[in-house]
Amino acid sequence: MTLIGDAQAPAPSEERPAKASSPTGAAALAAVVVGALAAALYRQGAFYPVDAFSVAVVAALLAIAALARNRDRHSLAVSVTFGCLAVWWLVRAIMEGSPAAFLPLGASTLAFPAAYLVMRSVPAPDRWRVARR
């Protein structure tokens, strides 16, 4: 028989160890972001439908991968907000009868939060180093 207060419950921080993110996985995701940015700049800013479509697909895949690595409140809030904005923009384009009208702005709507989510998963010293260069 245990009395109340005899059994020591673990502190909330001791219940579940923090998930350590591997620097190599975050660096690989960041390299994909930099590569997509370089390709978009080389192809004149991704303002053309084929380029914008590839940027939207890569951004969606990166956002999913980054969310799988780091699912906290801020990441989910950014994802839901920009996801709803992208869906609204796509629905608006379809209602206007031109789904291709989604691409330039819609691709950016997906790419900005993807870059944010990827850079959020990079460890702080590496993030500082990237920002300083």
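The values are calculated or read from the model by the stated rules, or taken from the named source; none is laboratory data. This one's a predicted model, so the numbers in the text were calculated from it and none came from an experiment. Reconstructed Cβ throughout: ideal geometry from the backbone, glycine too, with neighbour counts over all protein chains shown.
So that you can scan it fast, the table gives a plain yes or no per residue for (1) in contact (Cβ under 8 Å) with a residue 24 or more places away in the chain; (2) touching a His at 6+ places or on another chain (Cβ under 6 Å); (3) surrounded by fewer than 17 Cβ atoms within 10 Å (Cβ to Cβ); (4) not in a loop (DSSP other than H, G, I, E, B):
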position: ALA56; (1), (2), (3), (4): yes, no, no, yes
position: HIS74; (1), (2), (3), (4): yes, no, yes, yes
position: VAL80; (1), (2), (3), (4): no, no, yes, yes
position: TRP88; (1), (2), (3), (4): no, no, yes, yes
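Of all the criteria given as (1) loosely packed, with under 13 Cβ neighbours inside 10 Å; (2) small (Gly, Ala, Ser); (3) modelled with pLDDT under 80, the one not satisfied by ALA46 is (1). Restricting the range 51-82 to residues that are in contact with a helix residue (DSSP H, G or I) (Cβ under 9 Å, 6 or more places away or on another chain) and over 26 Å from THR24 (Cβ atoms), the residue that is modelled with the lowest pLDDT is ASP51. In the range 90-120, of all residues being under 13 Å from LEU62 (Cβ atoms) and out of contact with any Phe, Trp or Tyr (no Cβ under 8 Å at 6 or more places or on another chain), the one that is surrounded by the most Cβ atoms within 10 Å (Cβ to Cβ) corresponds to ALA114. No other residue among ARG92, ARG120 is under 16 Å from VAL33 (Cα atoms), touching a helix residue (DSSP H, G or I) at 6+ places or on another chain (Cβ under 9 Å) and either of a type in the set (D, E, K, R) or not in a helix (DSSP H, G or I) (or both) apart from ARG120. In summary, GLY97 fulfils each of the numbered conditions (1) over 19 Å from ALA26 (Cα atoms); (2) assigned to a helix (DSSP H, G or I) with the single exception of condition (2). Looking at (1) out of contact with any Ser or Thr (no Cβ under 6 Å at 6 or more places or on another chain); (2) surrounded by 19 or more Cβ atoms within 10 Å (Cβ to Cβ), can you tell me which one ALA66 breaks? With respect to (1) out of contact with any Ser or Thr (no Cβ under 6 Å at 6 or more places or on another chain); (2) surrounded by 19 or more Cβ atoms within 10 Å (Cβ to Cβ), ALA66 is out only on (1).
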